[in-house]
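Undergrad: Following this message is one structure expressed as structure tokens.
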Amino acid sequence: MSDTPAQPDPLTEAYAALGRMLLGNAAAKLGSTGALPDPAAMMKLQAEAMAADSERWLELNNRYYRQQLELWQAFAGTAPETPKPAPPQDRRFRAPEWQEPYFNYLANSYMLSARWLEETAASVKLEGQVQQKLQFYTRQLIDALSPANFPWTNPEAIKLAAATEGDSINRGLKNLAADINKGLVTMTDETAFEVGRNLAVSPGAVVYENDFIQLIQYAPLTATVFEKPLLIVPPCINKYYILDLQPENSFVRHAVEQGHTVFMVSWRNMPLEMGSATWDDYIEHGVLRAIEVARDIGGVEKINALGFCVGGTLLACALAVLRGRGEDPVASLTLLTTMLDFSDTGELSVFVDEAYVAARETEFAGGGVLRGRELALTFASLRANDLIWPYVVNNYLKGNTPPPFDLLYWNGDGANLPGTMYCQYIRQTYLENRLREPGALTMCGVSVDLGTVDMPAYILAAREDHIVPWRTAYASTALLGGPLQFVLAASGHIAGVINPPAAGKRNHWVRPDNTPEAEAWLEGAESRPGSWWPHWAQWLAGHAGNQVPAPSSAGNSLHAAGEAAPGRYVRERMP
């Protein structure tokens, strides 16, 4: 016998590389800090918990084994009177190929195992976050082990490989190699889009720039405009153009068409030398500077301001700083899918504990940046059956190129964050939830109190949001000090926000008053068809002042118009 060890086949090596990519630095970091559960420790805890409720454990296992035996008998023919079940009503198994007996059996057996694992994890009684981790990673395991995800158990991939004489496999391996090199799963045909060509094409100019932001002023589309400009602060972990995708679904264009002079913060994709920048820097040199420039160019005492996701958190903090300084330059505040109270952060909570935060603080003690792809993989893992595995099947098993989709192109175009700023953010909010406590945090030298943010506010949440749970967004109504309009949109974190009226999609809920509890608010809310954009535009018009002639050019003598929108900051791709 030869002593030469067996060499793994290329397909096995490719899947190992895929696993390393999907885990990536994010999971490695999480695992090294204890945020990922240690498998042996979790199994020990689970065994101890189930031993304490042996009756439930026996019930689950007996039912599972009985159902698997009945399923096998149905397909093996030992129980001919039992009809063979159809494939599960799951989109992964809808293709006709899954009707073939062997693959039908695989799909049904997998679904029985998935339900058994879910029920077992849910039955284990562990402490708070440990229980959340167990259930979250159980779902991750279930999603990953679907027979649809492997070439040898996916009849669609097998049939295609035979029909193309292996060409689909060859294309798939090339797609996989390209994605491993990139570090992300490709979700759209990236050749179909280019920022400045068919994305982020609303005309405008950069009117201010520093090391943190470029500030864009958009050209008017109406003869007159509202007196008070609108400043938009997007999330800093992605590019701003989610709000200016294409003309037909551009929130920016909609606001400009309503007669608003719109300014947009374009956050810089941070290089390594900016890794020591702080949360305070983002407030002072980002949000506060943008407010100052927009006021100066608009020639007004007050502007309106809008923040989206973490951009909304930054904006609310900046306004609390201004109020602490005795300044009041913002007439109204709009928050889109924003958290100010971090009591319930949904599934993201499984990633953040003291060990994880302390380890990242040590890692970034001397600077450095949090790579955008790490955050992208983290967010994708929250909805793996939507944002990872369908593309694994389509791109690698079938060798296809995904269809063009502007929103998914943006989703893969993340930005790096300064490590110092990131650590401050997750400690003060996700871990310690101190922003909601008046005076608990000092920012830019000022003790902040969200209760002093007392201008009229419009708060939008999305009912199926897995990043900012809508009830968490509703909690902002108890923190801010001014009159509040809360609106709930259908769909998720992005689709709930980017919903142009012309599309005629979805619905939203409105109610003139707020209640102490989110569920009580929803029970008495009115469901209205279509987009929330017109409702918001009507609300904002009431705070935007008189109509004045539209500006003939961007900027002013102090802040001259520079390069054309979208500017170079937004074009910088993450390394």
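The values are calculated or read from the model by the stated rules, or taken from the named source; none is laboratory data. Given the structure is predicted, the values throughout are model-derived calculations rather than measurements. Cβ placement follows ideal geometry from the backbone for every residue including glycine, while neighbour counts extend to all protein chains displayed. The accessibility values were calculated without ligands, DNA or RNA, using every heavy atom of the protein model including side chains. Shrake-Rupley method; radii C 1.70, N 1.55, O 1.52, S 1.80 Å.
Undergrad: Helix 39-51 against the longest principal axis of the chain: what's the angle in degrees, Cα atoms only, rounded to the nearest 10?
TA: The angle comes out at about 70 degrees.
Undergrad: Would you please report the Å³ per residue occupied by the convex hull of the alpha carbon atoms in the stretch 285-340? Mind showing how you got there, number by number?
TA: Working: hull volume 4.0 nm³, N = 56.
In the stretch 285-340, the Cα hull volume divided by residue count equals 71 Å³.
Undergrad: Give me Rg/Rg_expected for the stretch 49-169, where Rg uses Cα atoms only and Rg_expected = 2.2 N^0.38 Å with N residues.
TA: Values: Rg = 17.4 Å, N = 121, 2.2 N^0.38 = 13.6 Å.
Against the empirical 2.2 N^0.38 Å value, I get 1.28 for the stretch 49-169.
Undergrad: Might you report the magnitude of the Cβ-based charge dipole of the chain about its Cα centre, with Lys and Arg at +1 and Asp and Glu at -1, to the nearest 20 debye? Present the calculation step by step, with values, prior to reporting the outcome.
TA: Working: 45 positive and 63 negative charges, 144 e Å.
Dipole magnitude for the chain comes out near 700 debye.
Undergrad: When only alpha-carbon atoms count, how far does the stretch 98-220 stretch along each of its three principal axes, as whole angstroms with the largest first?
TA: Principal-axis extents of the stretch 98-220 (Cα, largest first): 62, 53, 29 Å.
Undergrad: Could you tell me the center-to-center distance, by alpha carbons, between the stretch 223-267 and the stretch 441-457 in angstrom?
TA: Between the Cα centres of the stretch 223-267 and the stretch 441-457 lies a distance of 25 Å.
Undergrad: Next up: From the cross-link list Lys84/Lys125; Lys228/Lys505; Lys239/Lys505; Lys84/Lys159; Lys133/Lys159, which pairs have alpha carbons spaced over 28 Å apart? Show your work: numbers first, answer last.
TA: Numbers: Lys84/Lys125 37 Å; Lys228/Lys505 30 Å; Lys239/Lys505 25 Å; Lys84/Lys159 23 Å; Lys133/Lys159 38 Å.
Beyond 28 Å between Cα atoms: Lys84/Lys125; Lys228/Lys505; Lys133/Lys159.
Undergrad: In degrees from 0 to 90, rounded to the nearest 10, what is the angle of the helix 101-123 Cα long axis to the longest principal axis of the chain?
TA: In the chain, helix 101-123 runs at an angle near 60 degrees to the longest axis.
Undergrad: For the stretch 384-535, give me the percentage of DSSP beta bridges that are antiparallel, rounded to the nearest 5 percent.
TA: For the stretch 384-535, the DSSP antiparallel bridge percentage is about 60.
Undergrad: Shifting gears a bit: Over its Cα atoms, what ratio of radius of gyration to 2.2 N^0.38 Å does the stretch 142-189 give? Don't skip to the end; give the middle numbers.
TA: On the way: Rg = 12.1 Å, N = 48, 2.2 N^0.38 = 9.6 Å.
So the stretch 142-189 has a normalised radius of gyration of 1.26.
Undergrad: Please compute the length gained on full extension between Trp152 and Glu517, using 0.36 nm multiplied by the number of residues separating them and subtracting their Cα-Cα distance. Working shown, then result.
TA: On the way: separation 365, 0.36 × 365 = 131.40 nm, distance 5.03 nm.
Result for the pair: 126.4 nm of gain on full extension.
Undergrad: May I pose another question? Tell me the per residue accessible area of the stretch 115-252 using a 1.4 Å probe; a whole number in Å² is fine. Please report the intermediate quantities before stating the final value.
TA: Numbers: 5530 Å² over 138 residues.
Per residue, the stretch 115-252 has an accessible area of 40 Å².
Undergrad: Another question about this same structure. How much length is gained on full extension from Ala541 to Tyr65, taking 0.36 nm per residue of separation minus their Cα-Cα distance?
TA: On the way: separation 476, 0.36 × 476 = 171.36 nm, distance 6.29 nm.
Once the chain is fully extended between Ala541 and Tyr65, it gains 165.1 nm.
Undergrad: What is the distance, in nm, between label points placed 7 Å from the Cα along the Cα-to-Cβ direction at Ala162 and at Ser343?
TA: 5.8
Undergrad: Continuing with the same structure: Sorted from largest to smallest, which semi-axis lengths in Å does the alpha carbon gyration tensor of the stretch 397-513 give for its equivalent ellipsoid, taking the root of 5 times each eigenvalue? Walk me through the numbers on the way to the answer.
TA: Working: eigenvalues 197, 110, 26 Å².
Values for the stretch 397-513, descending: 31, 23, 11 Å.
Undergrad: Still on this structure, I have one more. Could you check the spin-label model distance between Glu432 and Gln89? Points 7 Å from the Cα along Cα→Cβ, value in nm.
TA: Calculated label separation equals 5.0 nm.
Undergrad: Read phi for every residue in the stretch 370-383 and hand back ³J(HN,Hα) as whole Hz from Karplus 6.51 cos²θ - 1.76 cosθ + 1.60, θ = phi - 60°, with x for Gly and Pro.
TA: 7, 5, x, 5, 5, 5, 4, 5, 4, 5, 5, 5, 5, 9
Undergrad: Relative to the longest principal axis of the C-alpha atoms of the chain, give the angle of the C-alpha long axis of helix 128-144, reported between 0 and 90° and rounded to the nearest 10°.
TA: 60
Undergrad: Shifting gears a bit: If each of Lys505 and Gln73 carries a label point 7 Å out from its Cα toward its Cβ, how far apart are those two points in nm?
TA: 4.7
Undergrad: Can you tell me the Rg and Dmax of the chain, counting just the alpha carbons, in angstroms?
TA: For the chain, the Cα radius of gyration and maximum Cα-Cα distance read 26.1, 90 Å.
Undergrad: If you don't mind, another one. Within the stretch 369-411, find all residues whose amide N lies under 14 Å from a label point positioned 7 Å from the Cα of Leu173 along Cα-to-beta-carbon.
TA: Once the point is set 7 Å along Cα→Cβ of Leu173, 396-399 turn out to lie under 14 Å by backbone N, inside the stretch 369-411.
Undergrad: What does DSSP give for the chain in terms of the percent of beta bridges that are antiparallel, rounded to the nearest 5?
TA: Values: 27 of 51 bridges.
If I count the DSSP bridges inside the chain, around 55 percent turn out antiparallel.
Undergrad: Considering all alpha-carbon pairs of the stretch 156-234, what whole percent are spaced by more than 21 angstrom? Let's see the in-between values first.
TA: Values: 1850 of 3081 pairs.
So the portion of pairs separated by more than 21 Å is 60 percent.
Undergrad: Could I ask something else about it? Using just the helices of the chain, give the 222 nm mean residue ellipticity in deg cm²/dmol: DSSP H runs with n ≥ 4 each add -39,500 (n - 2.57), and the total is spread over all residues, rounded to 500.
TA: On the way: 18 runs with 215 residues, N = 575.
Per the formula, -11500 deg cm²/dmol.
Undergrad: Sticking with this structure for a sec: For the stretch 273-376, what does the relative contact order come out to in percent, with C-alpha contacts under 8 Å and a separation of six or more? Walk me through the numbers before you get to the answer.
TA: Numbers: 80 pairs, mean separation 34.2, N = 104.
Here the relative contact order equals 33 percent.
Undergrad: Grab the Cα-Cα distance for Asp211 and Ser553, subtract it from 0.36 nm times how many residues apart they are, and report the gain in nm with one decimal.
TA: Details: separation 342, 0.36 × 342 = 123.12 nm, distance 2.47 nm.
Here the answer is 120.6 nm.
Undergrad: Using +1 at the Cβ of each Lys and Arg and -1 at the Cβ of each Asp and Glu in the stretch 404-449, identify which of Ser447, Pro404, Asn416 lies farthest towards the dipole's positive end.
TA: Ser447
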